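K.L.:
Provided herewith is a single structure, encoded as structure tokens, for subsequent inquiry.
The values are calculated or read from the model by the stated rules, or taken from the named source; none is laboratory data. Here the structure is a predicted model, which means the values were calculated and not measured. Positions of Cβ are backbone-derived with ideal geometry, glycine not excepted, and every protein chain shown enters the neighbour counts. Quick note on the areas: whole protein, heavy atoms, side chains included, nothing else; ligands and nucleic acids left out. Shrake-Rupley method; radii C 1.70, N 1.55, O 1.52, S 1.80 Å.
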Amino acid sequence: MIATPTMQDWHAHYDGGRDFRPLTDTERRVLSEHLALPEEAQDARALEVACGTGGLARFLAEVGYRVDAVDWARSAIERATATVSDRIAYHLLDVTIGDVAALAPEGGYRLITMRRALAHLPDRTRVVAALAALLAPEGVLCVITPHADRHRAELRGICLDDTEIGLLREGWRHTERFEAGDCTVLLLRGPGPVPSRPPRSAPDASGHVDPSNR
Ligand SMILES: C[S@@+](CC[C@H](N)C(=O)[O-])C[C@H]1O[C@@H](n2cnc3c(N)ncnc32)[C@H](O)[C@@H]1O
């Protein structure tokens, strides 16, 4: 099992010229099909969390978004900003403690993305809830995660498995799941309590069972 990398580890990784697998054709296809902006919505705002050297941020800019992209590794942000784009603003920020909300536009983000990063974050439930609060009402949280079944056991720490993916989908009104090579792509819409059927009624103290609740 790999120890959780620190901010310095990530900085050293990028500073040494290394990177991660670029966006694959399958990821591009899924994202284009489901998240590309229609003509009338061009310039809608997106937040790319843990952006690394900015590959996904650049893709989102290409398909019409204006993008805030954040990462806590200084060398990643330096490499990302080497490709100048007037549609992307990069920010050096720890998403677990930094004020991501301060970046959010009025009305919220139409899209928030996080690729190959969620499994690395401590307290991911709290981070996801904080990001959900920054979505516009019609907004989408897109999580792209390495899947545990498609990686060696030593890489379990960078992956989510089906149980963890199931838990992540809970609490969202509309969720979609796609497979893209070694990753799973989740599109999550409508955060908030999902109305669930009340449990079947037990008899009350007098032995009465409410017939509307069977
Ligand atoms: C495996 S890399 C993926 C980078 C990029 N999303 C990609 O797909 O190439 C994980 C990224 O998460 C960033 N990261 C990890 N913890 C973070 C945190 N607390 N705040 C911001 N970024 C973080 C790292 O610096 C690194 O760039």
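K.L.:
Anything in segment 144-158 that is closer than 18 Å to Pro22 by Cα and open to solvent by 50 Å² or more (accessible area, probe 1.4 Å)? List them, or say none.
P.N.:
Arg150 - this is the single residue of segment 144-158 that is closer than 18 Å to Pro22 by Cα and open to solvent by 50 Å² or more (accessible area, probe 1.4 Å).
K.L.:
Considering each of Leu37, Leu47, Leu23, Leu31 in turn, give the residue that is assigned to a loop (DSSP other than H, G, I, E, B), more than 8 Å from the ligand (Cβ to nearest atom) and closer than 24 Å to Val100 by Cβ.
P.N.:
Among Leu37, Leu47, Leu23, Leu31, only Leu37 is assigned to a loop (DSSP other than H, G, I, E, B), more than 8 Å from the ligand (Cβ to nearest atom) and closer than 24 Å to Val100 by Cβ.
K.L.:
Pairs please, first residue from segment 1-22 and small (Gly, Ala, Ser), second anywhere and within 10 Å of the ligand (Cβ to nearest atom), Cβ atoms under 8 Å, 6+ apart in sequence or on different chains.
P.N.:
Close Cβ pairs satisfying both conditions: Ala12/Ser75.
K.L.:
Considering Tyr65, Tyr14, which residue is of a type in the set (Phe, Trp, Tyr) and either out of contact with any Asp or Glu (no Cβ under 9 Å at 6 or more places or on another chain) or away from the ligand (no atom under 12 Å from the Cβ) (or both)?
P.N.:
Details: Tyr14 fails: either out of contact with any Asp or Glu (no Cβ under 9 Å at 6 or more places or on another chain) or away from the ligand (no atom under 12 Å from the Cβ) (or both).
Within the list Tyr65, Tyr14, the selection yields Tyr65.
K.L.:
Is at least one residue of segment 159-180 open to solvent by 40 Å² or more (accessible area, probe 1.4 Å) and within 15 Å of the ligand (Cβ to nearest atom)?
P.N.:
no
K.L.:
Inside segment 36-50, can you point out the residues that are in contact (Cβ under 8 Å) with a residue 12 or more places away in the chain and either open to solvent by 10 Å² or more (accessible area, probe 1.4 Å) or acidic (Asp, Glu) (or both)?
P.N.:
Ala36, Leu37, Ala41, Gln42, Asp43, Ala44, Arg45, Glu48, Ala50
K.L.:
Output the residue which, of all residues in segment 123-143 that are within 12 Å of the ligand (Cβ to nearest atom) and within 9 Å of the chain's Cα centre (by Cα), is surrounded by the most Cβ atoms within 10 Å (Cβ to Cβ).
P.N.:
If we take residues in segment 123-143 being within 12 Å of the ligand (Cβ to nearest atom) and within 9 Å of the chain's Cα centre (by Cα), then Val143 is surrounded by the most Cβ atoms within 10 Å (Cβ to Cβ).
K.L.:
Name the single residue that is surrounded by the fewest Cβ atoms within 10 Å (Cβ to Cβ) among those in segment 109-122 being within 10 Å of the ligand (Cβ to nearest atom) and of a type outside the set (A, V, I, L, M, F, W, C).
P.N.:
Taking segment 109-122 and keeping what is within 10 Å of the ligand (Cβ to nearest atom), we get 113-122.
Now drop any that are not of a type outside the set (A, V, I, L, M, F, W, C), which leaves 113, 115-116, 120, 122.
Details: Thr113: 28, Arg115: 25, Arg116: 19, His120: 14, Pro122: 8.
Here the residue is Pro122.
K.L.:
Related question: On the basis of being more than 8 Å from the ligand (Cβ to nearest atom) and not hydroxyl-bearing (Ser, Thr, Tyr), does Val70 make the cut? Step through it out loud before you land on a result.
P.N.:
Working: more than 8 Å from the ligand (Cβ to nearest atom): no; not hydroxyl-bearing (Ser, Thr, Tyr): yes.
Criteria not met by Val70.
K.L.:
Ok, one more. Under 9 Å between Cβ atoms, at least 6 apart or on separate chains: pull out the pairs that start in segment 86-100 with a residue that is part of a strand (DSSP E or B) and end on any residue that is at pLDDT below 95.
P.N.:
Qualifying pairs under 9 Å: His91/Gly98; Leu92/Gly98.
K.L.:
Among the residues of segment 84-94, how many are more than 14 Å from the ligand (Cβ to nearest atom) and of a type in the set (Ser, Thr, Tyr)?
P.N.:
Selection size over segment 84-94: 1.
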